[in-house]
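The values are calculated or read from the model by the stated rules, or taken from the named source; none is laboratory data. These numbers come from a predicted model, not from an experiment. Cβ: placed from backbone, ideal geometry, glycine included. Neighbour counts: every protein chain shown.
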Amino acid sequence: MKVLVPVKRVIDYNVKVRVKADGSGVDLANVKMSMNPFDEIAVEEAIRLKEKGLAEEIVVVSIGVKQAQETLRTALAMGADRAILIVAADDVHTDIEPLAVAKLLAAVVKEEAPGLVLAGKQAIDNDMNATGQMLAALLGWSQATFASSLDIAGDKARVTREVDGGLQTIEVAMPTVVTVDLRLNEPRYASLPNIMKAKKKPLEEKTAADYGVDVTPRLTVVKTTEPAGRKAGVKVGSVDELIAKLKDEAGVI
Amino acid sequence: MAVLLLGEVTDGALNMDATAKTVSAVKALGPVTVLCAGAKAADAAAAAAGIEGVAKVLCAEDASLGHRLAEPTAALIVGLAGDYSHIAAPATTDAKNVLPRVAALLDVMVISDVSGIVDAETFERPIYAGNAIQTLRSVDKIKVFSVRTASYEAAAQGGSAPVETVAAAGGSDLSNWVEDKVAASDRPELTSAGIVVSGGRGVGSEADFALIEKLADKLGAAVGASRAAVDSGYAPNDWQVGQTGKVVAPDLYVAVGISGAIQHLAGMKDSKVIVAINKDEEAPIFQVADYGLVADLFTAVPELIEKL
Ligand SMILES: Cc1cc2nc3c(=O)[nH]c(=O)nc-3n(C[C@H](O)[C@H](O)[C@H](O)COP(=O)(O)OP(=O)(O)OC[C@H]3O[C@@H](n4cnc5c(N)ncnc54)[C@H](O)[C@@H]3O)c2cc1C
Ligand SMILES: Nc1ncnc2c1ncn2[C@@H]1O[C@H](COP(=O)(O)O)[C@@H](O)[C@H]1O
């Protein structure tokens, strides 16, 4: 079985995001970029499937600007076999919408015929949580979102999902799209030799036009603003003082 | 213009809080039809009919709709979509599972976690873990979106909307339900509680997390947790508050042994009053706390429980 893993280049999760003063967006110039944390988990899961003999090849795909090459090299260094970069924007501030990403991924799926797509549950920049579900819809495939455990047996996958009420386990027909949650696994670091080896692994470059997909956004950004801030309050000296403040000043207990 | 609102139905019961808050959010957009789907949904439909501002309720009962599986639920909604300009749902895990599938089948974008509706085409939503708010205008023929319920008050009771039955789109063999693991609890539900007490890695163990629960019970509060506490096995996953967990906005949020990472703040910084108990006076949580107590939680929390 071939496993396809879409990986997104996003602002590193440790970076303090700054909204541009003119309201045009978030400042990404000279900011540290990394692989979306959920996608690292997806890549790790694919590697574990390969190590267990359940997958033969791991293909990683990234859609966006040329710099997403680095993200793909990271995935290759972790253990993916081959990468596809679909250049769909020139400006690092252009975010390709989940619907367009899903259409491009659907086109890649038609060519590559994977048995499993392992995507992240959400991209930590747009926080949309949509691409995997959209891809499954476009392909007419089953979907299993927010996975915290994945077991593949024959033509079925058993997936435990993190849901609002606790955990739900479902069984889906393969091929399928699984979106991964944070507790599925702990991703490995790429070793130096593997980083070197990754430089020689194949990375194919395509454009959105190669797949005939229109990436024009359906949602135009009117403005991007800073949320209402919160000011630090006071430090209290004791439990008694805390209780008094909550009763008399805040009136919440 | 008309709105189809996917009611939050679990095991035949309506989640009134989430659904009524979403009714408040969308009612300015046009008459609201609430869809209740499930293996059993009649009770949920009757409950939805009582929400003020609901024009009509559609009740779809079928075994295939029993466990909130995405494929049959999306097929049902897509079949009904033609009559509506907007398709909305509270931003729960169920809705986030289903709505993007609906949107892709309709060839429109989905707008997740809407925190403000400006007009019929224009929506606000947080991005980057709530570090920025984006205002978006949609050019799609049908707007499909989920609503962050913490931003809205629940619509009142007292309505009496008519209930109509609709047929399921039919089952599929794509997915099957196996089991739900739901911890029963007498505590208030996390996303609708007036008070939330959350514990973090500082609590140190599953056994000591009982201290957090005891404080919560004393206050009649729901219990929350940081990701680190959940990952360490101190608390179940559905207690996680934050960017990738639940978003809460209670009157009082008490963070105990939580450092205040941006991903955690994303889920609680709209609370009315925030209390932080942490032994590190430099902890970032103090930057958003109205009342900060620099103390060891193992002395402060028992004292708090005793004196409350
Ligand atoms: C993609 C992504 C998504 C994430 N999503 C979430 C999310 O949804 N929710 C979330 O919470 N996190 C999330 N995180 C994790 C987040 O970045 C932090 O790692 C996490 O919130 C830290 O949890 P904590 O504050 O409990 O632990 P720590 O940061 O380890 O803090 C523990 C605190 O306890 C204090 N402490 C220790 N002992 C005591 C004591 N005896 N008395 C008093 N205080 C004590 C310490 O001073 C410290 O401040 C996410 C991370 C990533 C990468
Ligand atoms: N531009 C992209 N390139 C590659 N993968 C993507 C891209 N956008 C989204 N994805 C995948 O879809 C997941 C969910 O993203 P989103 O729906 O944007 O929250 C991510 O974790 C990735 O696996």
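Points to keep in mind about this one:
- Residue under evaluation B:ARG68, criteria (1) in a helix (DSSP H, G or I); (2) within 14 Å of chain A (Cβ to nearest Cβ); (3) free of Cβ contacts under 8 Å to residues at least 60 places away in the same chain; (4) within 20 Å of B:ALA168 (Cβ to Cβ), criterion not met: (1)
- Of the residues making up segment B:145-158, those that are polar (S, T, N, Q) and loosely packed, with under 14 Cβ neighbours inside 10 Å number 1.
- Number of the condition not met by A:ARG158 [criteria: (1) without any contact (Cβ under 8 Å) to a residue 12 or more places away in the chain; (2) closer than 21 Å to A:PHE38 by Cα]: (1)
- Scanning segment B:249-280 for residues being crowded, with 20+ Cβ neighbours inside 10 Å, farther than 24 Å from B:ASP113 by Cβ and without any contact (Cβ under 8 Å) to a residue 40 or more places away in the chain gives a total of 3.
- Residue, farthest from ligand 2 (Cβ to nearest atom), within segment B:217-235, restricted to residues that are crowded, with 22+ Cβ neighbours inside 10 Å and not in a helix (DSSP H, G or I): B:ALA221
- Reported count of residues in segment A:142-164, each being among the hydroxyl-bearing types (Ser, Thr, Tyr) and within 23 Å of B:ALA75 (Cα to Cα), is 3.
- Residues in segment A:1-31 that are away from chain B (no Cβ under 14 Å) and in a loop (DSSP other than H, G, I, E, B) were compared, and the one that is nearest to ligand 2 (Cβ to nearest atom) is A:VAL7.
- Some residue of segment B:265-278 being at pLDDT 95 or above, within 30 Å of A:LEU184 (Cα to Cα) and more than 25 Å from the chain's Cα centre (by Cα): yes
- Taking segment B:120-141 as the range and being surrounded by 21 or more Cβ atoms within 10 Å (Cβ to Cβ), more than 21 Å from B:LEU265 (Cα to Cα) and more than 7 Å from chain A (Cβ to nearest Cβ) as the test, only B:PHE123 passes.
For every residue, the table says whether it meets (1) crowded, with 20+ Cβ neighbours inside 10 Å; (2) within 12 Å of chain A (Cβ to nearest Cβ); (3) more than 29 Å from B:ASP251 (Cβ to Cβ); (4) modelled with pLDDT of 95 or more.
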site	(1), (2), (3), (4)
B:LYS143	yes, yes, yes, yes
B:SER160	no, no, yes, yes
B:ALA168	no, no, yes, no
B:GLU179	no, yes, yes, yes
B:SER185	no, yes, no, no
B:ARG201	no, no, no, yes
B:ALA207	no, no, yes, yes
B:LEU211	yes, no, no, yes
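- Residue ID - farthest from A:PRO175 (Cα to Cα), chosen from residues in segment A:54-96 that are within 14 Å of another protein chain (Cβ to nearest Cβ) and near ligand 2 (Cβ under 8 Å from one of its atoms): A:ASP95
- Test: residue in segment B:251-263 that is facing chain A (nearest Cβ under 8 Å) and of a type outside the set (A, V, I, L, M): yes
- Of all residues in segment B:287-308, those satisfying the criterion of being in contact with a strand residue (DSSP E or B) (Cβ under 6 Å, 6 or more places away or on another chain), facing chain A (nearest Cβ under 7 Å) and either more than 21 Å from B:LYS246 (Cα to Cα) or surrounded by fewer than 16 Cβ atoms within 10 Å (Cβ to Cβ) (or both) are B:ASP290, B:TYR291, B:GLY292, B:LEU293, B:ALA300.
- Filtered residues of segment A:168-209 (kept if among the acidic types (Asp, Glu) and under 21 Å from A:LEU85 (Cα atoms)): A:GLU204, A:GLU205
- Given (1) of a type in the set (Lys, Arg); (2) away from ligand 1 (no atom under 16 Å from the Cβ); (3) not in a loop (DSSP other than H, G, I, E, B), number of the condition B:LYS214 does not satisfy: (2)
- Segment B:236-255 - residue that is of a type outside the set (D, E, K, R), assigned to a loop (DSSP other than H, G, I, E, B) and closer than 25 Å to A:ILE243 by Cβ and, of those, farthest from ligand 2 (Cβ to nearest atom): B:PRO250
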